[in-house]
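The values are calculated or read from the model by the stated rules, or taken from the named source; none is laboratory data. Please read these numbers as outputs of a predicted model, since none were measured by experiment. Cβ placement follows ideal geometry from the backbone for every residue including glycine, while neighbour counts extend to all protein chains displayed.
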Amino acid sequence: MSAASITLLYFARLRESLGSAREELVLPAGVNTLATLRNHLAARGGAWAEEMATGRKLRAAVNQTLVQGDAPLKAGDEVAFFPPVTGG
Amino acid sequence: MDATSKVRVQDADFDIGAEIAAMRRGNPKIGAIASFVGVVRDINDGDAVSTMTLEHYPGMTEKSIGAIIDQARGRWEVLDVQVIHRVGTLKPTDQIVLVIVASGHRGDAFDACEFIMDYLKTQAPFWKKEVTPKGARWVDARSSDDSALERWQQDRR
């Protein structure tokens, strides 16, 4: 993993619809929060646009901690996107 | 007590009797043990369920349940806790999840057990995919689970 990159993880419905469980992403200029990352991913179009759309029920964790709302991102972070959880 | 050490995620089934016996052994301060077992139902949202597959987020699962246990320990007298959650493919009547809380007295044991379970349902990263006659589908989160959680946030008993 290069110094300026983050690890992205996708679970459950997202993993299937996006066809990806994990990727390394070099943070593009201007992408430094969860919200700007979500917009960046949505711009890939297709299933990405659908899953990352505003209003879609989506949860996010940064470094394995659930995040409510927006959060700053930095190189080396592990960011996960997934649907609301259904364990128990 | 390191809370994450009280969390096990596994494919294998569990034996509640053996788990409780292990917890009680050599701890004479325990006066009450409350437990909860979640089981796979044969019907969900009106459709017959033949199998269910659970996936989770390794690492975050242990960390998030550990944090839930720490919160419970901050609110009630909790002498010991064990949480076991199964992953992989399960069928109706199979056990899914076990929560055991040991305390000096029953009130703390009951409340802490329910609190841990309510938080686990909405915070721990597990997802269920079930197979029904209509095909395979991801289970939707229930708003009643969020309501169960809100009760603990308002009612600081």
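Worth a mention:
- Taken together, the residues in segment B:103-136 that are within 14 Å of chain A (Cβ to nearest Cβ) and either touching a Pro at 6+ places or on another chain (Cβ under 9 Å) or at negative phi (or both) amount to 19.
- Of all residues in segment B:28-57, those that are in contact (Cβ under 8 Å) with a residue 12 or more places away in the chain have Cβ atoms under 7 Å from Cβ atoms of residues that are acidic (Asp, Glu) and assigned to a strand (DSSP E or B), 6 or more apart or on another chain, in B:44/B:130; B:49/B:130; B:52/B:130.
- Scan of segment B:56-79 for residues that are away from chain A (no Cβ under 11 Å) and among the basic types (Lys, Arg), ordered by number: B:73, B:75
- The condition of being more than 14 Å from chain A (Cβ to nearest Cβ), modelled with pLDDT of 95 or more and closer than 23 Å to residue A:11 by Cα holds for only one of B:42, B:15, B:11, that being B:11.
- Residue, nearest to residue B:85 (Cα to Cα), within segment B:120-157, restricted to residues that are among the basic types (Lys, Arg) and part of a helix (DSSP H, G or I): B:121
- Residue ranges of helices (runs of 4 or more DSSP H) in chain A with at least 1 members more than 14 Å from chain B (Cβ to nearest Cβ) and at pLDDT 95 or above: A:34-42, A:46-52
- Against the list (1) surrounded by 14 or more Cβ atoms within 10 Å (Cβ to Cβ); (2) within 29 Å of residue B:53 (Cβ to Cβ); (3) in contact with a strand residue (DSSP E or B) (Cβ under 6 Å, 6 or more places away or on another chain), the condition residue A:37 fails is (3).
- Within segment B:98-116, residues that are surrounded by fewer than 23 Cβ atoms within 10 Å (Cβ to Cβ) reach partners that are not hydrophobic (A, V, I, L, M, F, W, C) with beta carbons closer than 6 Å, at six or more positions or on different chains, in the pairs B:104/B:31; B:104/B:77; B:105/B:31; B:108/B:77.
- Looking only at segment A:48-85, and only at residues there that are touching a residue at least 60 places away in the same chain (Cβ under 8 Å) and closer than 21 Å to residue B:56 by Cα, the one that is surrounded by the most Cβ atoms within 10 Å (Cβ to Cβ): A:80
- Identity of the residue in segment A:1-59, within 18 Å of residue A:84 (Cα to Cα) and of a type in the set (Asp, Glu), that ends up nearest to the chain's Cα centre (by Cα): A:51
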